[in-house]
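Engineer: This is the structure I want to talk about, given as structure tokens.
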Amino acid sequence: MNPTAPRALLIEDEALPRQRLREGLALLWPQLQVVAEAEDGEQGLALALQHRPDIVFVDIRMPGLDGLQLAQRIKGLAHIVFVTAYDAHALAAFEQGAVDYLLKPLATERLAETVQRLQQRLQLPPAELARWLQQWQPPQMPAAPGPSAAVPLRWLQASQGDRLHLVMVADVSHFRSDNKYTCAVTREGEFLLRLSLRELLDQLDPEQFWQIHRAIVVNLAQVARVERRLGSMDVLLKDGQTRLPVSQSFQPRFKPM
């Protein structure tokens, strides 16, 4: 190994994204030495203190010690690149250059931009992330146990084709499950979210968004009326065209209406 080459640590609890990141870095930055890989935050923290890498790529959402907590522990030790499957509120902070980020699934073009930024930043000391980390509470992170309720999502980061968009949650008429992902439907079109309907539902305002089917969550503000016929039930939206089925298990929610 070249003792003067930059050194990196990869911390990601999923094997396939970690492999793709390793292979992408090898292709785009052959001089970079990946000195170690970790499957969770605790192992990553130990390896970071042991190897003292120049760069740490860390997944935000991990069981136990998550990416943000780990970043707080090693602040000032290395340049940190967060890896995230989904986060709307973090986008603006990331783009301001406080830290860099990568979205899963990883795109080669985006990784190339990150490599270029890191190559420039290696000439400078690692950024001080303490203040930024205190101010940023990602909405998708599980809420800590306690009486205080988590703040519901207000914005979503979603894709439409090969473009990323910020979508206001209130503008979404309904969410529809799409395999491991979720489709957000608005007047402007449909947008793909990189998380499951179950993960999304935990972050939405339960007073505004109701699950009416195993694959559908509806925005009550967009509901025009509910129709019952021969034991079935449908929700009709205010656009005058969209009709959504209500599963029997969710029909009792509409009985008083």
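Rule-based calculations on the coordinates, nothing more; no lab input. Just so we're clear, the structure is a prediction, and the values are computed from it rather than from any experiment. Cβ sites come from the backbone with ideal geometry, for glycine too, and all protein chains shown count toward neighbours.
Engineer: For region 172-212, rounded, prolate or oblate, judged on the Cα gyration tensor with a ≥ b ≥ c (square roots of eigenvalues), a/c < 1.5 rounded, else prolate if a/b > b/c?
Structural biologist: Oblate, since a/c reaches 1.5 and b/c is not below a/b.
Engineer: Find how much the distance from Q120 to L201 grows on full extension, using 0.36 nm per residue of separation minus their present alpha carbon separation; answer in nm with one decimal.
Structural biologist: 25.2 nm
Engineer: Simple spin-label model, 7 Å along Cα-to-Cβ: K75 to R22 in nm?
Structural biologist: Here the modelled spin labels are 3.1 nm apart.
Engineer: Could you give log10 I(q)/I(0) at q = 0.16, 0.21, 0.23, 0.26 Å⁻¹ for region 166-257, computed by the Debye formula over C-alpha point scatterers of equal weight, without solvent?
Structural biologist: -0.61, -1.05, -1.25, -1.52
Engineer: I want to check the label-to-label distance for E190 and Q251. Put each point 7 Å from Cα in the C-beta direction and report it in nm to one decimal.
Structural biologist: Roughly 2.7 nm, to one decimal.
Engineer: Given a Förster radius of 35 Å and the C-beta distance between A46 and K180 as r, what FRET efficiency does 1/(1 + (r/R0)^6) yield to the nearest 0.05?
Structural biologist: For R0 = 35 Å, the calculated efficiency reads 0.65.
Engineer: Whole angstrom only: what separates the Cα centroid of region 29-63 from the Cα centroid of region 154-229?
Structural biologist: Spelled out, the Cα-based centre of one part sits 35 Å from the other.
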